[in-house]
Amino acid sequence: MGLAKSVLSELLEAFPDWRPQMYFKSSLTALSHAMEDLVLAGDDRPLVIATFQKERFYRQETQRYKKVAQKSQQVYVLASPETDFVNSSREYEMVAFEPTDALVQEWHLVVVSHTFTSCLITREKNYLPDSQKKTIANSDNNRRFEGIWTCERKLSQRAAQILLERILIYRPELKEKIARAQMEYFPSTRKMIGISRLDSFQINPDPFVERLVAYLQASQYKLIKANKNLAVKEEKERLINSLTTAIRRSLNPEEILKIAVKQLGERLNIGRCLIYRCTGNDQQVNIEHEYLGEGVSSLKGMIWHLKDNPLIQEIIQRRESISIDDTMTDPRISTLNKLVRKSSIFSWLLVPIIYQGNLLGIIELHHCTFSTTVWVREDINLVDAIAVQIGVALIQAESYANLQNLNAQLAALDRTRSNLVAITGHELRTPLSTIQVCLESLSSDPDILPELRDVMLDTALQDAERMRKLIQDFLTLSQLESGRVIWHPEPLSLPECVELSLSNLFARSRNIEIPTIENLVPAESPLVWADGEWLVEVICKLLDNACKFTTVDGIVTLEVLVNKKDTNLLEMIISDSGRGIEPSLLETIFDLFYQEEGALRRSAGGTGLGLAICRQIVTGWGGVLWAKSAGKNKGSQFHFTIPLARDR
C-alpha cells in the first residue's frame, strides 16, 4: 500500500513556481513548535495534520499533540510504526503508514484555520555519498531537509488536501470526518488545484525591480559561497561528532585511545597515527595505540623518549600543536634524524591532549611517503578539536572510575557501620548481661556458697576483661587509621618478642584449654627493626586468632625465615591445623568487622577487628601481612614481614 511519490513533489507539481529551500533539522523543530504554539495560543479550531518519519520522533511530541487536540477535533498524526503506533482514534486521529511510503523520508505540518494558514512540507535530503554513509555516523543535528514553509493560504490548503487523500488510503473509515474538514476549511479546493500564486501577480520591470533582482542575485552568490564554507565546517563537525560518538561508547581509558587512534587514522587517511598518555614530567612512554596505513612500518611496543625530544618539550612548554611539513629540512629535527629515518616520518604533526590546562597525552600524525605534505590550518584545527574531545572522554572515563571506587567505598562504609552496630551491641550486651546477673546474685543472696561466689566473681571479671579488650581494639584501630600513632622502631630480638607474646597468651588462657603451641623460632635469629610494643601486639593477636579457630588437640606453630623476594626482610609465619579459610576469602578476612559466620552467629568470640589491626600495624613499619590456606578444615598460615636491623 505504501506510496512512492513525495508529498513535496505533488505540491511542487501543483505550484511549479515555488522553489524549495534548505532547512536543518533544528530549524524544522523550531518552525514546527512555533506553528503548534500558534494553534495553542489561539481561539480558532483549525485543521492540523502532522507527519513523523518514525514513531520514536512522534513519541517526543506526544504531550504537545494532546494539548493541540484540545483545541480542535480535526487533528491527524501520521507516523511509521516501530513498536505500538497503530491506526486509532484517541484524542486525535493516528495514522500508521507503511515503511515503504515516501512519508518515511518527509516532515510535514499543515495548519488551516479560518483566520490563518501555515504550511511546512519537507523531505530529507541525503547529501552524503553512499560510500560515506557506510563509514560516517551522521549527527542528528546535521540532518538536512528541502522543502517549503509558507503562510500562503492556497498552497497550505492544497498541501492539506494531498495529506488528507493519503490518510484516506490508510484509514478509509475516516471518509465522513475528512469530508467535513474539506467543507469547513477549503470548500473551493477543486478550483484551486493547479493555480499558480503568480496568476494574480505580474512583475513590472522598472529600475527598482532591476536593482532588487541584481541584489538578490548577488545575495545568492554570497549564499552559495557561504554554503561552501558551511559544507567544509559541516564536514569538520561531522568528523568530530562521529569520532566523539565512537570514543564515548566506552568508559575505559585504554579502550577510548584504541578507538580514537583507529577512527582518526582512518578518517584522515594518514600513514601513521599514534596516541599515548603522558604528563609534563614523564621521561618516556611505551607506544601502545597505533594506526597504520598500507605499507607503513609499526612502532608499537617502542619506547618513545620524551625528555630528549625537543618537539615534545616544546609542546609541554607551549601547550600548542607543532607541524612540520618536511622533516628533511626542518632544523628542529637535527637531534631526531635517527628516529625520523627509522620511522620513515617525512611530515609530522604533534597535537597535545589537554584538559583544563593539564597535559593528558599527545596525538602524532606521520606522513610516511617520500613527499612534502603541507599541514594547513584547517587540518590542524580539526585535530585540535578532536584532541579536546579525546581529553574530555578520558576525564569522563576517569571520573566514572573514581565514582565507582567512591561508590564501592561508600558501600563498604555502610557495611562497616552496620557491622559496627551489630557487633558492638552483641559484644557489649552479652558480657554486661553476665556481669549484671552475677553482681545481682551476689548482692541479693548473702548466703550464697563460697564456691559459687568465686565462680560468679571469676565470670564477671572475665567478661569485664572481654569488654576492656573490645574497647581497646576500637581505640587501637582509631589511632592507627587516624595516623596518630608515633612509632618507636629499634633493634629487637624476635625470639624475645615471641616469648613475651606466648607468656601473655598463657596468662590469659590459664583456665582455658588451648591447642599445642610449637615455637620454632631459633634463638639466634637476627635482630629486626620495629616498635616492640606493636610487634608483640601483632604476634599476640595472630596467636589468639589461631587458637580460637583450632581445636584443643590441634597444633599452632611459630617459625621464621628470610623473605625470598627481599633478603632485607625477615618473614614470620604463624600456622595452625584448625578450621582453615576458603581461598576466595584470603583477602576478605582482613576487612574491618569481617566474621566468617556473620556478625551475630559466631561459634568463636571476637569483633572482627584483630586481623585488620594487625595489617595496619605491619603496614606501619613497612611490612606486608597475608594469609594462606588450602581450604576448609585444612589449617591456615599467616605470614608477615619485618625489616632487619642490620642496615639501620
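The values are calculated or read from the model by the stated rules, or taken from the named source; none is laboratory data. Every value quoted in this text rests on a predicted model; they were computed, and no experiment measured them. Using ideal geometry, Cβ is built from the backbone for each residue, glycine included, and neighbour counts are taken over all protein chains shown. Protein only, heavy atoms only, side chains kept; ligands, DNA and RNA dropped before computing areas. Shrake-Rupley method; radii C 1.70, N 1.55, O 1.52, S 1.80 Å.
Just a few scattered comments:
- Accessible surface of region 232-315, 1.4 Å probe, proportion on carbon and sulfur as whole %: 46 percent
- Carbon/sulfur fraction of accessible area - region 340-404, other protein chains in place, 1.4 Å, %: 54 percent
- Within region 1-79, trypsin sites (Lys or Arg not before Pro) in DSSP loop having at most 16 other beta-carbon neighbours inside 10 Å: Lys5, Lys54
- Here Met183 and Glu152 are evaluated by their C-beta separation; at R0 = 25 Å the FRET efficiency comes out at 0.70.
- Annotation: amide H of Gly578 within the under-5 Å range of Gly635, Ser636, sequence separation 5 or more or interchain, hydrogens built in the peptide plane.
- Within the accessible area of region 1-68, the carbon and sulfur atoms contribute 54%, probe 1.4 Å, all protein chains present.
- Close amide H contacts of Leu360 (hydrogens built in the peptide plane, cut-off under 5 Å, sequence separation of 5 or more or a different chain): Ile353, Ile354, Tyr355.
- Put simply, the C-alpha atoms of region 448-586 give a gyration tensor, and the ellipsoid matching it has half-axes of 30, 20, 16 Å, longest first.
- Bridging of Lys565 to lysines at a Cα separation below 29 Å is possible for Lys541, Lys628, Lys632, Lys634, once same-chain residues fewer than 8 apart are set aside.
- Sorting His33, His114 by solvent-accessible area of protein heavy atoms yields His114, His33, largest first, with a 1.4 Å probe.
- Inter-centroid distance (Cα atoms) of region 25-49 relative to region 239-292, Å: 45 Å
- The length gained on full extension between Asn286 and Arg319, counted as 0.36 nm times the residue separation minus their Cα-Cα distance, comes to 9.8 nm.
- Remark: region 452-464, residue by residue, has Karplus-estimated 3J(HN,Hα) of 5, 4, 5, 4, 5, 5, 5, 4, 5, 5, 4, 6, 5 Hz, where x stands for each Gly or Pro and the curve is 6.51 cos²θ - 1.76 cosθ + 1.60 at θ = phi - 60°.
- Long-range HN-HN contacts of Leu609 with modeled amide H, under 5 Å: Phe593
- Residues within the reach of a label modelled at Lys233 (point 7 angstrom out along Cα to beta-carbon, backbone nitrogen below 13 Å), restricted to region 21-43: there are none.
- Sorted peptide list for 450-462, 268-280, criterion being average Cβ within 10 angstrom, highest first: 268-280, 450-462
- Per residue, in Å², the accessible surface of region 18-123 once ligands and nucleic acids are set aside, probe 1.4 Å: 44 Å²
- Applying 1/(1 + (r/R0)^6) with R0 = 56 Å to the Cβ-Cβ distance of Lys634 and Ser88 gives a FRET efficiency near 0.20.
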